[in-house]
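The values are calculated or read from the model by the stated rules, or taken from the named source; none is laboratory data. Please read these numbers as outputs of a predicted model, since none were measured by experiment. A quick note on method: Cβ atoms are made from the backbone with ideal geometry, for glycine too, and the neighbour counts reach across all protein chains shown. These area figures cover heavy atoms from the full protein model, side chains too; ligands, DNA and RNA do not enter into them. Shrake-Rupley method; radii C 1.70, N 1.55, O 1.52, S 1.80 Å.
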Amino acid sequence: MSDFKVIGKKTDKIDAMALATGQPLFVDDLQLPDTLQIKILYSPYAHAIIEDIDTSEAEKYPGVKMVLTYKNTPHIIHTTAGQGWPEPSPYDTYMFDKKMRFVGDRVAAVAAETEEQAAEALKLIKVKYKVLPAVFDSEEAIKEGAPVIHDEPEITGAYDPKRNLAAHIEIRVGDVEKGFEESDVVVEETFETQYAQHTPIEPHVTLTYLDEYGRLVIRTSTQVPFHVRRIVAQALGIPVQKIRVVKPRIGGGFGTKQEIILEEICSYVTLKTKRPARLLYTREEEFISARTRHPFKVKVKIGAKKDGMLHAIRLYTLSNTGAYGSHGLTVASNAGSKTLPLYNKAENVEFVADIAYTNLPVAGAYRGYGATQSYAALEQAIDMVAEKLGMDPLELRKRNHIRAGETSPIFKALGEGREGVTQYIQSCALDELLEKGAKEIGWFKKHGKERRNGSKVYGIGMSMHMQGSGIPLIDMGAATLKMNEDGSFNLLYGGTDIGTGLDTIAAQIVAETLGIKPEQVIVYASDTDMTPFDVGAYASSGTFVSGGAVLKAALKVRDQILEVAKEKFGEFDTKDFILEDGKVISLKSGKNITLSEIAYDTLYVRNQHQIAATGSFVSPYSPPPFAVHFVEIEVDEETGVIKPIKYVAAVDCGKPINPELVKGQIIGALVNGLSYALTEEYIFSNSGRMLNPNFMDYKIPSTRDIPEIKVILAETYEPTGPYGAKSVAEININGPIPAIGNALYDALKIRLHKSPYTPERVLEAIKNKK
Amino acid sequence: MKVKYIINGKEEEYEIHPGEVLLDVLRRNGHTEIKGNCYLGTCGACTVLIDGVPHTSCTILAAKVNGKEITTIKGIGELDSPHPLQQAFVKTGAVQCGFCTPGAILSAYALLKKNPDPTEEDIKKALDGNLCRCTGYVQQIEAVKFAVKLLKEGKNE
Ligand code: FES
Ligand code: FES
């Protein structure tokens, strides 16, 4: 375990220098001659029927090649959520529809010679709307008599569209009512989280063209190239084999690019015109028409015994999926499945979720995926239980968290929109995380002590989390590895690096397995013509699932190399062979041969064959990474401004394959979480229009907003993951809301039930307390 | 109308429309190393140096900077001869998706030209306009500090 040569060692991200020197790596860096530019017309109404649409003037506008509406495009119901097949999400979306369901729904698109012409032509489209009553609040939406958002007869897979219920979940373990009766203390609270957006700095962008043989190529900023291929084929009614999807470098995704929203339009224009077509979202479109984070209302009830053992937990979540179902069901599933097993000492558990359609922007996958919203409530309620018991909240967590060797019935009861898979925890450093994190922040010195300086009051808070590593028995990745004359290898795999560094992890796994340097692995990824399948980058699956596939392929190639070496050495057994420094060495005889020699020999000379293998990985396990977060804040009683001073993230992600990349994932996620806790929020007009779709009014953090950040890694070895690794991408976005919420309580004895924790909300809570 | 710039030391002449912003003109003419999308001066991805000073190229009319010297990320270092800042960003894990990286490095470059020994506050201030959604900035700040060290050790430009 400890004598790794590459795993856990400093390895430069393989694409970093190309990116740092501005090579043309992104979708929009490829500029093809004769490319048509596409612009979209959006509904100004939250709920309306298009009674009439007249595009004749627009069609006549100079440079206009095509105007697309529901009248002249395929009308095939599908889901835009890029998930495995059959999708857990409802089929409730058309490329274009007659009915508008939110401000930002697509009315029409224009393809023209220039962007300006396309934009001008949009203004000439005449639309007659019949405006319908709209509903924006999730509670109102599921009440009797609310306007029905999805009344299309073709809809499938939605739970009860007549009641605006996209999905519904109910699971029970034990008897939760009896559990509360038997408890000595009970806490019941409701917390609400807000609409937010991923805001990758590169927005959604797609370029489509026909290759020399007339096949459609989709070069797109996506997390799910293989799902793009399948869903575009479905939405346009064309065969999968006619489509090639290419994923170049991606400028961040965080979930919003796990969605097929531009590709089908672009593809359709290219197929009809035989010309390249480009569709690039503006920042405003990214806010109003890409995907968002589901706002949740979470009702949490916890019962505990005097000895500090949790006895019963009930979670009810009402999430707002906006106008379309997208990831609604699975995000809500994760609100239970990625949180409740953490407290497996509670014998009585109930999880009920309603997922409501409303006439607001569409929610989708967003880093944390439901767990973020659920932890915002659960981890504050845990602190409240501790207070009622007169116990240190750290101690309460310590007594109740899941441990190695243990399981939770929730794993089986609640999967991704269906039954899950039983999991036993095999690696868990929670005790170490609690201890080291507490020490770093000075928990025992500071928690519960009043500290102030004029109007500035100080507090500290904590939270505890788990997530998963891919979706068990659903997520599959595959990789092909082949050997070249100089002992280098081509790795062709479906794993989808969206900026995380997955390609580097993959190169490290190959290098470790074959005794070479990561630079000797030429990685080519996520091209549906060139690489094997992979579900894509989501559910924290990259290292575990795609990396697992790479390891399998590398082990097979290793066996093939050893077979050749055996013959060369004239030895019978490969068990004494090692691969090191680009050579196979027999420890028994001392003989050695370079990989290059083996490659030359097998490619050109004797027993000729290509040393190559494909590995596929799908796992019954989804080992959870664990994290404990601590934050110290300063809050100004006069202004209501909360300033995080120091943030500690203590994380167990198994064996960190690349420590720099791991650190980047942890800090990137928690800084996004910090601004979700403090500033990021959609503001809507009362007709459902987002009022702040730009970075001036929707504030994401910059260098000057970050506190001192300390990352602590507690290394474990996860036997089910490649070289002991678990995931790390999502988990650390879950901490800031509850940790800051708890710190706020520590400072001022106030609790905000709605995030973000803006100065206005803080001041109001202070006022209400008095 | 026609404009002339000296881009990364090379004179270039372009045909432009009077209303066009610099970002669009440069990208259209092959300078795709400049990123950007907000067109409001709020993300910093489109940062270039104009006569050595960082500017968001999306908020500057191309016509207005006629005749000026423009530096893009390619002007400070290339794949086979990277600038210490580019090396430092790679070494410290400061490049995730890399979409913000050219802009951030150019802002840092301008800082180090003016102030070869910046404090952490100076670095934060210099990079304040370059939004990054991936890194959370910590490794970017470390990268600039590391570049300062490399530059002092004489790995000069
Ligand atoms: S595109 Fe210029 S600052 Fe964002
Ligand atoms: S590295 Fe992705 S935005 Fe900065």
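On a straight-distance basis, which aspartates and glutamates could pair with B:Lys64 in a cross-link, Cα separation under 15 angstrom, same-chain partners fewer than 8 positions away excluded?
List returned: B:Glu13, B:Glu15, B:Glu20, B:Asp24, B:Asp51.
Expressed as a rounded percentage, what relative contact order does chain B have, with Cα pairs under 8 Å and six or more residues apart? Let's see the in-between values first.
Values: 272 pairs, mean separation 37.4, N = 157.
Computed over chain B, the figure is 24 percent.
With unit charges on the beta carbon (Lys/Arg positive, Asp/Glu negative), name the residue among A:Phe102, B:Gly75, A:Phe489 whose Cα is farthest towards the positive pole of the charge dipole of the protein assembly as shown.
B:Gly75
Would you calculate a helix-derived [θ] at 222 nm for chain A, using -39,500 (n - 2.57) for each DSSP H run of n ≥ 4 and dividing by the full residue count, to the nearest 500? Let's see the in-between values first.
On the way: 20 runs with 203 residues, N = 770.
Dividing the helical sum by the residues of chain A leaves -8000 deg cm²/dmol.
In whole angstrom, how long is each semi-axis of the equivalent ellipsoid of the stretch A:218-313, when you take the square root of 5 times every eigenvalue of its Cα gyration tensor and sort them from largest down?
In descending order, the three semi-axes are 42, 16, 12 Å.
What does the charge count around A:Leu315 come to, taking other residues whose C-beta lies under 10 Å from its C-beta (Lys +1, Arg +1, Asp -1, Glu -1)?
On the way: positive: A:Lys299, A:Lys301, A:Arg314; negative: A:Glu350.
Overall, the nearby charge balance is +2.
Work out the length of the dipole vector of the stretch B:77-153 about its Cα centre, built from +1 on the beta-carbon of each Lys and Arg and -1 on the beta-carbon of each Asp and Glu, and round it to the nearest 20 debye.
So the dipole magnitude of the stretch B:77-153 works out to roughly 80 debye.
Once the cut-off is 19 Å, how many percent of the Cα-Cα pairs in the stretch B:2-74 end up in the long-distance tail?
Values: 553 of 2628 pairs.
Tail fraction, whole percent: 21.
Could you pull out every one of the lysines with an alpha carbon less than 27 Å from that of A:Lys162, ignoring same-chain neighbours closer than 8 positions?
A:Lys71, A:Lys98, A:Lys99, A:Lys128, A:Lys130, A:Lys143, A:Lys297, A:Lys299
Is the stretch A:78-142 best put as rounded, prolate or oblate by its Cα gyration tensor, with a ≥ b ≥ c the root eigenvalues, rounded for a/c under 1.5, and otherwise prolate when a/b is larger than b/c, oblate when not? List each step's numbers first, then the result.
Values: a/c = 2.91, a/b = 1.38, b/c = 2.11.
It comes out oblate by the Cα gyration axes.
So, for the stretch A:605-719, what is the accessible surface per residue at a probe of 1.4 Å, expressed in square angstrom? Before the final figure, lay out the partial values.
Values: 3960 Å² over 115 residues.
On a per-residue basis, the stretch A:605-719 sits at 34 Å².
Gap in Å between the Cα centre of the stretch A:568-583 and the Cα centre of the stretch A:644-672?
39 Å
Along the stretch A:198-213, what does the Karplus equation 6.51 cos²θ - 1.76 cosθ + 1.60 (θ = phi - 60°) give for ³J(HN,Hα), rounded to whole Hz, x for Gly and Pro?
For the stretch A:198-213, the Karplus-derived couplings read 5, 6, x, 5, 8, x, 4, 7, 9, 10, 10, 7, 9, 7, 4, 9 Hz, x marking Gly and Pro.
Take the cross-link list A:Lys13/B:Lys149; A:Lys646/B:Lys74; A:Lys439/A:Lys655 and give me the ones stretching past 30 Å between alpha-carbons. Provide the component values of the computation, followed by the final result.
Numbers: A:Lys13/B:Lys149 21 Å; A:Lys646/B:Lys74 37 Å; A:Lys439/A:Lys655 23 Å.
Flagged as over cut-off: A:Lys646/B:Lys74.
Any idea of the total accessible area buried by the B-A contact, 1.4 Å probe, rounded to 100 Å²? Can you show the working numbers first?
Values: alone 8410 and 28310 Å², together 32570 Å².
Chains B and A together bury approximately 4100 Å².
Which percent, to the nearest 5, of DSSP beta bridges fully inside the protein assembly as shown are antiparallel?
Values: 118 of 150 bridges.
Roughly 80 percent of the DSSP beta bridges within the protein assembly as shown come out antiparallel.
With N set to the residue count of the stretch A:1-131, report its C-alpha Rg divided by 2.2 N^0.38 Å to two decimal places.
Details: Rg = 21.9 Å, N = 131, 2.2 N^0.38 = 14.0 Å.
Normalised by 2.2 N^0.38 Å, the Cα Rg of the stretch A:1-131 equals 1.56.
Using the Kyte-Doolittle scale, which helices in chain A average at least 0.0 and also have C-alpha atoms spread 24 Å or more along the helix axis, with helices defined as whole DSSP H runs?
Counting only whole DSSP H runs, the qualifying helices are A:371-389, A:547-569, A:659-678.
List the lysines whose Cα sits under 19 Å from the Cα of A:Lys699, skipping any in the same chain fewer than 8 residues away.
A:Lys643, A:Lys754, B:Lys124, B:Lys125
Using only atoms on other chains, find how many Cβ atoms lie within 10 Å of each Cβ of peptide A:201-208 and report the average. Could you put the intermediate results ahead of the total?
Numbers: counts 18, 9, 3, 0, 1, 0, 0, 0.
Partner-chain Cβ atoms within 10 Å, mean over residues of A:201-208: 4.
Tell me, how many Å apart are the Cα centres for the stretch B:1-72 and for the stretch A:325-361?
So the two Cα centres are separated by 48 Å.
Whole Å is fine, so just give me how far the alpha carbon centre of the stretch A:265-285 lies from that of the stretch A:487-514.
Centre-to-centre (Cα) distance: 31 Å.
Report the per residue volume, in Å³, of the convex hull enclosing the C-alpha atoms of the protein assembly as shown.
Working: hull volume 161.9 nm³, N = 927.
Here the figure is 175 Å³ per residue.
Place a +1 charge on the Cβ of each Lys and Arg in the stretch A:581-711 and a -1 charge on the Cβ of each Asp and Glu, then give the dipole magnitude about the Cα centre in debye, rounded to the nearest 20.
Details: 12 positive and 15 negative charges, 192 e Å.
Once rounded to the nearest 20, the dipole reads 920 debye.
Suppose a student asked you for the relative contact order of the stretch B:2-74, using Cα pairs under 8 Å spaced at least 6 residues apart; what percent would you report?
Values: 144 pairs, mean separation 29.4, N = 73.
Value for the stretch B:2-74: 40 percent.
Provide a whole-number value for the mean count of partner chain Cβ atoms within 10 Å of the Cβ atoms in peptide B:43-53. Please report the intermediate quantities before stating the final value.
Working: counts 7, 3, 3, 0, 0, 0, 0, 0, 0, 0, 0.
Going residue by residue through B:43-53 and averaging, the value is 1.
Any idea what the dipole of the protein assembly as shown comes to, in debye rounded to 20, about its Cα centre with Lys/Arg Cβ at +1 and Asp/Glu Cβ at -1? Intermediate results must be reported in sequence, preceding the final value.
Values: 108 positive and 119 negative charges, 113 e Å.
About 540 debye.
Might you tell me the accessible area per residue for the stretch B:2-74, computed with a 1.4 Å probe and given in Å²? Write down the numbers at each step before the final one.
On the way: 3080 Å² over 73 residues.
Result: 42 Å² of accessible area for each residue.
Taking every residue in A:694-707, how many Cβ atoms of other protein chains lie within 10 Å of its Cβ, on average? If you can, show how the numbers build up before the last one.
On the way: counts 5, 7, 4, 1, 1, 1, 5, 5, 11, 19, 6, 3, 5, 0.
Mean shielding count: 5.
Please give the calculated 222 nm ellipticity per residue for chain B, where each DSSP H segment of at least 4 residues contributes -39500 (n - 2.57) and the sum is spread over every residue; nearest 500 deg cm²/dmol? The partial results should precede the final answer.
Values: 6 runs with 56 residues, N = 157.
When only DSSP H runs of four or more count, the value is -10000 deg cm²/dmol.
Please compute P(r) over all alpha-carbon pairs of the stretch A:581-635, binned at 5 Å starting from zero, and give each bin as a whole-number percent.
Spelled out bin by bin, the stretch A:581-635 gives 4, 11, 11, 11, 10, 8, 7, 9, 8, 6, 5, 4, 3, 2, 1 percent.
Determine the percent antiparallel among the DSSP beta bridges restricted to the stretch A:418-556, to the nearest 5. Spell out each step's value before the answer.
Working: 9 of 14 bridges.
Close to 65 percent.
Given contacts defined as C-alpha pairs under 8 Å and at least six residues apart, what's the relative contact order of chain A, whole-number percent?
On the way: 2031 pairs, mean separation 113.6, N = 770.
Here the relative contact order equals 15 percent.
With a 1.4 Å probe and all protein chains left in place, how much accessible area per residue does the stretch B:77-153 have, in Å²?
34 Å²
Distance cut-off 18 Å, Cα to Cα: go down the list A:Lys663/B:Lys152; A:Lys517/A:Lys583; B:Lys10/B:Lys114 and report the pairs above it.
Details: A:Lys663/B:Lys152 27 Å; A:Lys517/A:Lys583 12 Å; B:Lys10/B:Lys114 24 Å.
Going by Cα-Cα distance, A:Lys663/B:Lys152; B:Lys10/B:Lys114 fall outside the 18 Å limit.
Please give the peptides A:512-518, A:723-729, A:602-608, A:655-661 ranked by average Cβ packing (other Cβ atoms within 10 Å per residue), highest first, as a rough proxy for protection. Show your work: numbers first, answer last.
Values: A:512-518: 21.6, A:723-729: 27.6, A:602-608: 11.4, A:655-661: 23.3.
Descending packing order for the listed peptides: A:723-729, A:655-661, A:512-518, A:602-608.
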